Amino acid sequence: MLRSRIAVTGSTGLIGAALLGSLRADGHEVVRLVRHPARSGDEVEWDPKRGYVDVAGLVGCDAVVHLAGAGVGDHRWTEEYKREIRDSRVLGTAAIAEAVASLDVPPKVLLSGSAIGFYGDTGDRAVDESAPPGDGFLPSVCVEWEAATAAAQEAGVRTVHARTGLVVAREGGAWGRLFPLFRAGLGGRMGSGRQYWSFIALHDHIAAMRHILDTPELSGPVNLTGPAPVTNGQVTAAMGRVLRRPTLVTAPAPALRLALGEFAEDVLGSQRVLPAQLLDSGFAFAFPGIDAAIRAALR
């Protein structure tokens, strides 16, 4: 992409902050959507709960990247927090899509966050973007989340749903919690260890998003996962190898259910998700294997 003006929501999160740095390093102008009155020239005010976006701040944008949403694993899943998870995604995405559609000259692309939670528990069955949604809370959220981009699609904006897997990074997400445990020798298998974890190195995730922005042929769902999903047991072994720590501790399924409540079913569930769209479009992974992804995160 030539030097462009790009708007980003969720710019303080793990992925948003990394994307921001990558875009700015290449000379792109990035405006951040923030939930307070704009205090600088690179800020645009929005309020996802009220459906408000300062549309004037999006004028001249070539792309909008929408990543904001409440953390799925940040709190125990009470009914109230499940409502927060859903509303933060569905209402926020609808507000962004409607703002994009209202512009006289809309951006060329809306890259909107989603998750491999769309597929539910796939067991050891490999799925790609052609698979239907699964059953349960997270699949239902993802279906509504993606549908909330309708206004942008109807306005002719190329719309991509970035179905993100487990991002391997030190700074946050699932691996941000795993690294301290494994470094302390307290890491180990969760449940049976046979459940698949569809991971992606943070470096590859950002590169894939940049690839999506630059590839007009890509639209609809795109899985942001590495090409070789591994089991939780294989992740445990790889963490032990790379960090040179024992991995004897196990977290039995009943203990996880007691500690995490309903969210435990997603930790124990298996998702073997393949990035068919990325691979078919010529994207090359820098860190396709789990050991390489872990080492990349530690650099």
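Key figures for this structure:
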| item | result |
| --- | --- |
| Those residues of the stretch 138-150 which are open to solvent by less than 30 Å² (accessible area, probe 1.4 Å), more than 19 Å from Glu265 (Cα to Cα) and not β-branched (Val, Ile, Thr), in sequence order | Trp145, Glu146, Ala148 |
| Every residue from the stretch 53-81 that is of a type in the set (Gly, Ala, Ser), exposed (fewer than 15 other Cβ atoms within 10 Å of the Cβ) and either under 20 Å from the mean Cα position of the chain (by Cα) or modelled with pLDDT under 90 (or both) | Gly71, Gly73 |
| Residue that is farthest from Leu279 (Cα to Cα), among those in the stretch 215-235 that are open to solvent by 10 Å² or more (accessible area, probe 1.4 Å) and part of a strand (DSSP E or B) | Thr231 |
| Hits in the stretch 101-120 - residues which are over 21 Å from the mean Cα position of the chain (by Cα), crowded, with 16+ Cβ neighbours inside 10 Å and in a helix (DSSP H, G or I) | Ala101 |
| Residue ID - nearest to Ser4 (Cα to Cα), chosen from residues in the stretch 15-36 that are in a strand (DSSP E or B) and in contact with a helix residue (DSSP H, G or I) (Cβ under 9 Å, 6 or more places away or on another chain) | Glu29 |
| Some residue of the stretch 206-214 being more than 27 Å from Glu129 (Cβ to Cβ), open to solvent by 50 Å² or more (accessible area, probe 1.4 Å) and out of contact with any strand residue (DSSP E or B) (no Cβ under 6 Å at 6 or more places or on another chain) | no |
| Selected residue (criterion: surrounded by the fewest Cβ atoms within 10 Å (Cβ to Cβ)) from residues of the stretch 190-201 that are over 19 Å from Gly117 (Cβ atoms) and touching a helix residue (DSSP H, G or I) at 6+ places or on another chain (Cβ under 6 Å) | Gly193 |
| Some residue of the stretch 37-52 being small (Gly, Ala, Ser), open to solvent by less than 50 Å² (accessible area, probe 1.4 Å) and not in a helix (DSSP H, G or I) | yes |
| Subset of the stretch 251-296 (residues that are on the phi > 0 side of the Ramachandran plot and either acidic (Asp, Glu) or at pLDDT 95 or above (or both)) | Gly282 |
| Flag if Gly123 is surrounded by fewer than 17 Cβ atoms within 10 Å (Cβ to Cβ), among the small types (Gly, Ala, Ser) and in contact (Cβ under 8 Å) with a residue 12 or more places away in the chain | yes |
| Answer residue from the stretch 154-189, given it is out of contact with any Leu (no Cβ under 8 Å at 6 or more places or on another chain) and modelled with pLDDT of 95 or more and is least open to solvent (accessible area, probe 1.4 Å) among those | His161 |
| Residue identified as touching a strand residue (DSSP E or B) at 6+ places or on another chain (Cβ under 8 Å), touching a residue at least 40 places away in the same chain (Cβ under 8 Å) and among the aliphatic types (A, V, I, L, M) among Val30, Val65 | Val65 |
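Residues checked against (1) on the phi < 0 side of the Ramachandran plot; (2) free of Cβ contacts under 8 Å to residues at least 12 places away in the same chain; (3) in contact with a strand residue (DSSP E or B) (Cβ under 8 Å, 6 or more places away or on another chain); (4) of a type outside the set (Lys, Arg):
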{"site": "Arg83", "(1), (2), (3), (4)": "yes, yes, no, no"}
{"site": "Arg86", "(1), (2), (3), (4)": "yes, no, no, no"}
{"site": "Ala97", "(1), (2), (3), (4)": "yes, no, yes, yes"}
{"site": "Gly156", "(1), (2), (3), (4)": "no, no, no, yes"}
{"site": "Val160", "(1), (2), (3), (4)": "yes, no, yes, yes"}
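The values are calculated or read from the model by the stated rules, or taken from the named source; none is laboratory data. The structure presented is a predicted model; accordingly, all values stated were derived computationally and were not measured. Cβ coordinates were reconstructed from backbone atoms using ideal geometry, including for glycine residues, and neighbour counts include every protein chain displayed. All accessible areas refer to the heavy atoms of the entire protein, side chains included, with ligands and DNA or RNA removed. Shrake-Rupley method; radii C 1.70, N 1.55, O 1.52, S 1.80 Å.
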